[in-house]
Amino acid sequence: MSVLDLARPEILALQAYSSARREAAQAAVMLNANEAPWPPSGNLPEARALSLNRYPEPQPQALIERLAELYGVGSSQILVTRGSDEAIDLLLRAFCRPGVDAIALSPPTFGMYAVCAAVQGAERIEVPLDAQFGLDVRALCESLPASVKLLFLCSPNNPTGACVPLVDIERIAYALRGRALVIVDEAYIEFADLPSASGLLAHHANLGVLRTLSKAWALAGARIGCLLAGAEIIALLRKILAPYPVSTPSVAAALAALTAAGMSLTRQRIALTIAERERMAIALKRLPAVLDVLPSRANFLCVQFEDASRVYRTLLNGGVVVRDVSRHPALGGFLRLSIGTREENSRLLELLIRGEAAA
Ligand SMILES: *Cc1c(COP(=O)(O)O)cnc(C)c1O
């Protein structure tokens, strides 16, 4: 059997829209896409250089090749999307029939899996993390209902910060072969100093990996993410992709970040972030108001306070905004603190120390 047997039959049967740019990419005179023949008005200097009057390539070849090299996969195994958020949505739409199929996830985890499932009308099967915020591998392997078509594993997990070991990912992918796709969201893997699950793609047709330039690559505003998966899955999702999803300036920004110089700066910044994460974890654990700091492999710390809402307000009054994740039942008292520059992190610490003195 093929993994495509898991997809919605109407998507398999769909005749994709064929955009003008796809039919004929380049010619001396381009009169096939109803574009303006001149640069846009306004004084943005890049507009002319980037030919912003033209539609972009549906899947920018230069970026695909660069990302394939970076992630160690073939160029037919990459789909470039508007952030990995768009890839999550495309997976739901291609694999889950509304009112029939389901996704599985292990809360507390990233919120977009549940949102995309709700928009698509797919049921949500929850297999919660255990008391130490570890994955219930056995339940995922043995007790998911047949309606589950997609399982999302977030590694490092947002907001708890722990990674799923590759052996567990493999075990789960093997257990669910022919039944469901296992999607590993590696938005923060650069900060984990661990190998990506993309190395397992060759052996598991039902595996996919989400990557993004939004976090370690400092390009959240460019909205560039991607799905790495088998070529058949990528070809299927291309059928339902918007005609021109990634904008020309975003592709230019991504290619600039992925030059040798860009990569070397990014590596330094990742190292700095990891060092700051460890400094902050130690400093936070010393504060009496801090009950717990979860071990993190990402660029944030999930921290439990005696009185999280008071800490949240103290920080906000001091000009520092953090993420309140305490609404989740398993995360009572927890705030998620992103790692900023050394100065920003120190400012947060000072506010906490001063807040304790005042209490
Ligand atoms: C930030 C984040 C994303 C979204 O990334 P984009 O590429 O910016 O859409 C995906 N997954 C997780 C777990 C995240 O925290």
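Laid out as a table, the results:
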quantity: Distance (nanometres) between label positions extended 7 Å along Cα→Cβ at Y174 and A27; calculated: 5.4
quantity: Solvent-accessible heavy-atom area per residue, rounded to whole Å², over the range 263-358 at 1.4 Å; calculated: 56
quantity: FRET efficiency, 1/(1 + (r/R0)^6) with R0 25 Å, evaluated for S75 and L12 via beta carbons; calculated: 0.60
quantity: On Cα atoms only, tilt of 308-317 relative to the major axis of the chain in degrees; calculated: 70
quantity: In degrees, nearest ten, helix 248-257 long axis to first principal axis of the chain (Cα); calculated: 60
quantity: Accessible area in square angstrom per residue, the range 33-129, 1.4 angstrom probe; calculated: 47
quantity: Cα principal axis extents for the range 106-189, largest first, Å; calculated: 28, 27, 23
quantity: Rounded FRET efficiency, nearest 0.05, which uses the C-beta distance separating R279 from A357 and R0 of 22 Å; calculated: 0.55
quantity: Of every Cα-Cα pair in the range 1-145, the percent that sits beyond 26 Å; calculated: 50
quantity: Over the chain, equivalent-ellipsoid semi-axes from the Cα gyration tensor in Å; calculated: 36, 28, 18
quantity: Accessible surface of K285 - all protein chains present, 1.4 Å probe, nearest 10 Å²; calculated: 130
quantity: Computed Kirkwood radius, in angstrom, where 1/r is averaged over Cα pairs of the range 273-359; calculated: 12.7
quantity: Signed unit charges on C-beta, dipole axis of the chain, positive-most listed residue W38, V73, G161; calculated: W38
quantity: Rounded to the nearest 10 Å², the accessible area of C154 at probe 1.4 Å; calculated: 10
quantity: Length added when fully stretched, E232-C141, from 0.36 nm per residue minus Cα-Cα; calculated: 30.3 nm
quantity: Straight-distance crosslink candidates among aspartates and glutamates, where the alpha carbon sits under 17 Å from K285 and sequence neighbours closer than 8 are dropped; calculated: E276, E306, D307, E350, E356
quantity: Helix 231-240 vs. the chain, principal-axis angle (Cα, 0 to 90°, nearest 10); calculated: 80
quantity: Cα-based radius of gyration of the range 132-270 once divided by 2.2 N^0.38 Å, which approximates compact folds; calculated: 1.14
quantity: Accessible-area order (highest first, 1.4 angstrom probe) of the listed residues H204, H328; calculated: H328, H204
quantity: Accessible carbon and sulfur surface of the chain relative to its total accessible area, %, 1.4 Å; calculated: 54
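The values are calculated or read from the model by the stated rules, or taken from the named source; none is laboratory data. It should be emphasised that the depicted structure is a prediction, and the values quoted were computed from it without experimental measurement. FYI the Cβ positions are ideal-geometry reconstructions off the backbone, even for glycines, and counts take in every protein chain you see. Note: areas computed on protein heavy atoms with side chains; ligands, DNA, RNA excluded. Shrake-Rupley method; radii C 1.70, N 1.55, O 1.52, S 1.80 Å.
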